[in-house]
Structure formats: C-alpha cells, structure tokens
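For reference, the structure is listed below as structure tokens.
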Amino acid sequence: MALSTKPYKGARDFYPEDKRLQKYMFAKWRTVAERFGYEEYDAPILEPLDIYLAKTGEEIVNEQTYSFEDRGGRKVVIRPEMTPTVSRMVAAKRQELAYPLRWYSIPNLWRYERPQRGRLREHWQLNVDIFGVAGASAEYEIINLVDSMFKEFGAKSSMYEVKLNSRKLMDYALSEYLGLNKTQSHDVAKLIDRMAKMERSIFLKRVDAAISAKAREAGVVEKLLALLETKQLSKLPEELAGLESVKELQSTLDLLSKNDITNTTFDITIMRGFDYYTDIVFEVFDTHPENNRSMVAGGRYDGLVGLFGVAPVPTVGFGWGDVTLANFLELHHLLPDFESETDVYIALVGDVIADAQKPIAQLREAGINVAVELSGKKLGDQFKAADKKGLKQVLIIGQDEIKAGAFTLKNLETSKETKGDIKTLSKLIKA
RNA sequence: GCGGGUGUAGCUCAGCUGGUUAGAGCGUCGGGUUGUGGUUCCGAAGGCCGUGGGUUCAAGUCCCAUCACUCGCCCCA
C-alpha cells in the first residue's frame with residue numbers, strides 16, 4: 001500500500017508558486033498595517049481549552065476545534081481564532097502597555113469541520129486590533145485601514161462594500177423596542193444574520209416560529225419587518241434614534257465619508273455570529289455577483305480582556321482570511337505575475353565547478369540571488385532548465401570565460417547576450 | 001451531523017444505446033552530432049477505468065456497497 005501524497009483533508013501544501021502568492025498577500029497586509037502604526041505579534045499555536053470555553057458554548061469548542069489532552073493531562077486546543085489569544089496577551093501586561101495599543105498578526109488557524117469553497121480546515125488570517133479607545137475614532141481607523149489594504153491590492157471601491165451595524169442597537173431593538181424575551185431575541189438575531197441567504201417566505205415562517213403567539217398578536221412581526229427595511233440611520237424609529245450606539249455609528253460613517261470612503265453603509269441585517277461583540281460590528285463584502293460573501297469581519301469587543309481578571313480594555317478589531325482574499329484577487333484579476341526569487345542561473349560548461357566559485361561568490365556578495373546548475377547536462381539542457389524555472393537570465397561559465405575573466409550573460413526573454421566582467425554584469429542583472 | 005455531484009495516464013478530459021489489444025491535448029523523458037533555451041519536427045514511457053461485490057456469453061459502460069474528492073446545508077472564529 002503506497003503512502004498517499006495528498007495533504008491532510010482541508011489543509012494545503014504550499015508549493016513555491018503558492019507560497020509566492022501567500023508572500024505577496026502577507027507583504028501587503030504587513031506594509032499597510034505598519035503604515036498605520038501597528039506592530040506585529042505572535043503566540044503559540046496551542047492554547048488551553050478554557051480560554052475558548054469562557055466565551056462560547058462548549059459544544060462549538062468540542063465539535064469544531066482540534067482539541068486533545070497532552071501527556072500531563074492538560075486540555076489543549078489548536079487555536080481556531082486569534083482574538084482570545086491576543087486578549088490574553090494584553091491582559092497579561094495590562095498595566096505596562098502603552099495605549100492606544102495597535103497590534104496585528106497573521107496566524108495559522110484550524111477548525112474541525114467539513115471543507116467547502118472558501119472555507120478550509122486550516123487558514124491564515126490577518127488580525128488587526130486597536131486596544132484602549134472607546135470612541136468612534138477607533139472604528140473609523142480600523143475601517144480606514146481595511147480600505148487602504150484593499151486599495152494596496154489594487155482594488156477599486158466598487159469591488160467591495162463595508163456594512164456597519166451595532167449589536168447594542170439590535171439588542172435594544174429586539175428586547176425593548178420589540179419586547180422580545182432573551183430566547184426570542186437570540187433566535188431572531190440569528191435569523192436576521194442569515195436573512196440575505198434565505199427566501200423571504202422561509203424567513204417569515206421561522207420568525208413566526210421563534211416568537212410567542214402573544215407577540216405575534218401584538219404586531220411584533222410587522223414592526224420587525226418595518227425595522228429591517230431601514231436603510232439609513234436617520235430613518236430609524238425615534239425610540240432607537242437617540243441611542244448612544246446610533247451616534248457612534250453616525251460619527252464613524254461621517255469620519256469615513258470625510259475621508260472619501262463612501263462604500264461604507266449602515267446595514268441593519270449585519271449581526272455577526274459571535275457573542276463577544278459588544279457594540280459596532282462590520283463586514284466587508286465582495287460586490288462580484290459570483291462571490292457575494294463576507295471577506296472581512298470585525299467589530300468592537302470591550303469585554304474580552306476583562307475575562308482574564310483585569311480591568312476591561314475597549315477594543316476594536318477584525319479578521320481577514322487568506323483564502324477569501326485570494327478568491328477576491330483572482331476574481332477581480334488583481335493578481336500580478338509572480339517571478340522567481342532567483343535572479344540569475346549559472347550554466348557550467350565542462351569541469352569548471354572549482355574555478356567558477358570565485359565569480360559566483362562575487363555575484364552573491366553584490367546582493368544577487370544565484371542558483372548554479374550542478375547537473376553537468378549539455379548547455380542546451382541547462383538553458384531548458386533555467387527556462388522551466390521561469391528564470392530570465394543565465395550566466396555561462398566555461399574554461400574560456402575563466403581564462404579571460406569575461407563572462408557571457410544571456411537574457412532569455414530578449415535572447416540578448418552581453419559579455420563582460422562580473423562587476424559590469426552584476427549591474428546589468430540587478431537592473 | 002444531513003443532502004447533491006464526480007471518480008478513466010502526472011494534469012484536463014473523450015470513450016455513443018455494454019462488444020476484441022482503452023484514446024486525445026498538455027506535461028514528463030529521449031533524439032534532430034560534440035558551447036545556446038523557449039517556437040518546430042521525430043520518438044518513448046506512463047492506466048487492474050477509485051475499491052469490493054453482483055447482473056451478463058461479454059462491464060470503463062448497468063446495479064449495490066464502500067472509500068475518496070467536491071458543492072451545498074448546519075455552524076461560522
């Protein structure tokens with residue numbers, strides 16, 4: 001029985017061409033994050049189980065994570081997300097860190113579930129968080145940063161849209177404005193979250209099922225549907241319009257539009273599945289009809305750091321997966337042609353390996369990435385090899401060249417050959 | 001956990017209503033004379049048709065099971 005060459009289910013091998021794409025995406029993420037003053041951090045891939053139990057249900061952790069017991073009987077989890085980890089790190093140094101704290105990371109995350117398009121068991125996810133700012137300026141900065149990242153990848157505003165809402169607003173609307181109890185609120189919230197993916201009739205049926213007969217008779221369904229039709233903050237019912245969260249939403253939108261970020265809108269159906277969000281939540285959607293999915297998701301979670309026994313720290317952050325980004329870039333034709341990291345290929349003619357070392361070392365000292373053909377193949381085959389590797393320049397070294405101290409550099413794209421010493425050719429290779 | 005789809009060469013696939021030694025393109029390897037690639041020409045290797053069972057004179061083709069992959073649902077970090 002031969003061993004399988006396939007990678008583990010739902011996980012990927014990164015061959016050099018795949019790794020080049022990943023390096024490209026990560027480099028742009030890092031560039032923009034650092035342009036906004038964010039610092040990179042990292043942490044172990046294993047975390048104790050209980051930091052996830054604290055904020056979600058036990059079932060999710062057991063069924064959807066890779067968890068096991070170590071040899072010392074400790075229950076551990078391969079991290080499924082970064083937010084609890086970064087909250088733990090901030091809590092550990094709560095007193096000594098300088099706020100506002102701006103941190104980012106690109107962790108590899110694992111979840112145990114059935115793979116499907118755009119959703120694997122393993123992915124890399126950019127996490128950006130700002131700690132210590134309670135007001136809308138934090139939301140503004142985070143969304144502004146996301147927007148800058150999209151632009152850095154060459155995306156136009158028309159290719160994506162940011163949708164904003166507030167969990168506090170929705171909690172108040174469901175419990176106070178509509179008068180639903182806790183269970184009903186929770187169920188209806190989940191339904192609103194999935195509303196866009198559901199047929200209208202099914203949605204209505206499920207809403208009916210989620211609320212009590214008494215509430216139905218009181219006209220709650222009609223009130224809810226009217227509320228969900230609201231497209232602008234200014235059109236909210238008076239009872240809701242005065243909420244602090246609505247003001248926060250409005251000032252976030254104002255700041256963004258003043259900075260010419262106009263593809264951001266209020267969307268009352270954005271809920272986010274997770275319970276740790278405390279106020280404003282947002283998602284970024286691809287506007288392409290074939291990929292109408294959420295790519296970036298985030299919001300404010302003021303309570304998480306406090307779970308570690310220190311005074312709470314207001315926090316806004318988001319996550320952005322590498323798979324969804326790659327899908328987006330591909331669909332919008334935003335991927336550049338990736339080139340090899342190697343600048344020049346050395347073709348050796350005859351048994352000159354010993355004498356060739358000096359010029360090769362000189363090239364490397366000049367900062368040039370050099371790969372040497374060691375196969376001893378015919379010169380023509382060495383050219384083939386260089387071409388197959390996608391290399392554009394080949395330097396020929398044989399007895400004649402070593403004696404003369406002059407080498408031949410061939411550009412495979414133009415077929416042009418240039419003769420000269422290493423110093424001259426070095427400049428040419430770099431150009 | 002629940003549904004749908006698909007398994008034929010390294011890859012993408014063709015194989016009509018079951019009928020002899022299973023095909024193509026791309027890729028790989030070799031060659032077109034000894035220091036020049038990519039284009040072109042010639043040639044070669046490579047498949048228990050996912051696996052197991054069944055129907056039949058005869059199965060890549062039909063039936064059942066199983067596994068794998070894939071797309072949805074559930075869930076969404």
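Couple of notes before you dig in:
- Test set (1) in a helix (DSSP H, G or I); (2) in contact (Cβ under 8 Å) with a residue 40 or more places away in the chain; (3) away from RNA strand B (no atom under 13 Å from the Cβ); (4) surrounded by 18 or more Cβ atoms within 10 Å (Cβ to Cβ) - A:Ala189 fails condition number: (3)
- Total residues in the stretch A:378-388 satisfying the condition of being among the small types (Gly, Ala, Ser) and either part of a strand (DSSP E or B) or more than 7 Å from RNA strand B (Cβ to nearest atom) (or both): the figure is 2.
- Scope the stretch A:255-284; condition more than 12 Å from RNA strand B (Cβ to nearest atom) and more than 20 Å from A:Met149 (Cβ to Cβ); matching residues: A:Phe266, A:Asp267, A:Ile268, A:Thr269, A:Thr278, A:Asp279
- For first residues located in the stretch A:1-23 and in contact (Cβ under 8 Å) with a residue 24 or more places away in the chain, partners that are near RNA strand B (Cβ under 9 Å from one of its atoms) and among the charged types (D, E, K, R) and lie 6+ apart or on another chain with Cβ distances below 9 Å form the pairs A:Gly10/A:Arg111; A:Gly10/A:Glu113; A:Gly10/A:Arg114; A:Gly10/A:Arg119.
- Which numbered condition A:Asp129 misses (of (1) more than 12 Å from RNA strand B (Cβ to nearest atom); (2) part of a strand (DSSP E or B); (3) in contact with an Asp or Glu (Cβ under 8 Å, 6 or more places away or on another chain)): (3)
- For the residues A:Val281, A:Val310, the requirement of being outside any helix (DSSP H, G or I) and buried (at least 21 other Cβ atoms within 10 Å of the Cβ) singles out A:Val281.
- Meets criteria (in a helix (DSSP H, G or I), in contact with a strand residue (DSSP E or B) (Cβ under 6 Å, 6 or more places away or on another chain) and over 25 Å from A:Arg293 (Cα atoms)) for A:Ser245: yes
- Residues satisfying the stated conditions in the stretch A:310-347, i.e. β-branched (Val, Ile, Thr) and within 30 Å of A:Val372 (Cβ to Cβ): A:Thr342, A:Val344, A:Ile346
Let's see how each residue does on (1) crowded, with 17+ Cβ neighbours inside 10 Å; (2) on the phi < 0 side of the Ramachandran plot; (3) modelled with pLDDT under 95:
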position	(1), (2), (3)
A:Glu113	no, yes, yes
A:Val128	yes, yes, no
A:Ala155	yes, yes, no
A:Glu161	no, yes, yes
A:Lys168	yes, yes, yes
A:Tyr172	yes, yes, yes
A:Ser175	no, yes, yes
A:Leu180	yes, yes, yes
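- Count - residues of the stretch A:389-400 that are near RNA strand B (Cβ under 6 Å from one of its atoms) and crowded, with 17+ Cβ neighbours inside 10 Å: 2
- Residues being outside any loop (DSSP other than H, G, I, E, B), in contact with a strand residue (DSSP E or B) (Cβ under 7 Å, 6 or more places away or on another chain) and crowded, with 16+ Cβ neighbours inside 10 Å - total across the stretch A:354-371: 6
- Going through (1) within 14 Å of RNA strand B (Cβ to nearest atom); (2) closer than 17 Å to A:Tyr38 by Cα; (3) over 18 Å from the mean Cα position of the chain (by Cα) one by one, A:Ala138 falls short only on (1).
- Figure legend. Inter-residue proximity from the stretch A:109-133: first residues among the β-branched types (Val, Ile, Thr), second residues surrounded by fewer than 18 Cβ atoms within 10 Å (Cβ to Cβ), beta-carbon distance below 6 Å, spacing 6+ or different chains. Indicated pairs: A:Ile130/A:Pro100; A:Val133/A:Pro100.
- As a summary of the residue check, A:Val77 satisfies the conditions (1) of a type in the set (A, V, I, L, M); (2) over 17 Å from the mean Cα position of the chain (by Cα); (3) more than 10 Å from RNA strand B (Cβ to nearest atom) except for the one numbered (3).
- Failed item in (1) modelled with pLDDT under 90; (2) loosely packed, with under 14 Cβ neighbours inside 10 Å; (3) more than 10 Å from RNA strand B (Cβ to nearest atom), with A:Ser375 passing the rest: (3)
- Residue that is surrounded by the fewest Cβ atoms within 10 Å (Cβ to Cβ), among those in the stretch A:401-418 that are closer than 16 Å to A:Val349 by Cα and touching a strand residue (DSSP E or B) at 6+ places or on another chain (Cβ under 8 Å): A:Ala406
- Yes/no for A:Asn181 being polar (S, T, N, Q) and within 16 Å of RNA strand B (Cβ to nearest atom): no
- Looking only at the stretch A:104-121, and only at residues there that are assigned to a loop (DSSP other than H, G, I, E, B) and more than 9 Å from RNA strand B (Cβ to nearest atom), the one that is nearest to A:Ala27 (Cα to Cα): A:Ile106
- Tally, over the stretch A:401-426, of residues that are within 8 Å of RNA strand B (Cβ to nearest atom) and polar (S, T, N, Q): 4
The values are calculated or read from the model by the stated rules, or taken from the named source; none is laboratory data. Keep in mind that this is a model prediction, so the values were computed, not measured. For neighbour counting, all protein chains shown are included, and Cβ atoms are generated from backbone atoms with ideal geometry for every residue, glycine included.
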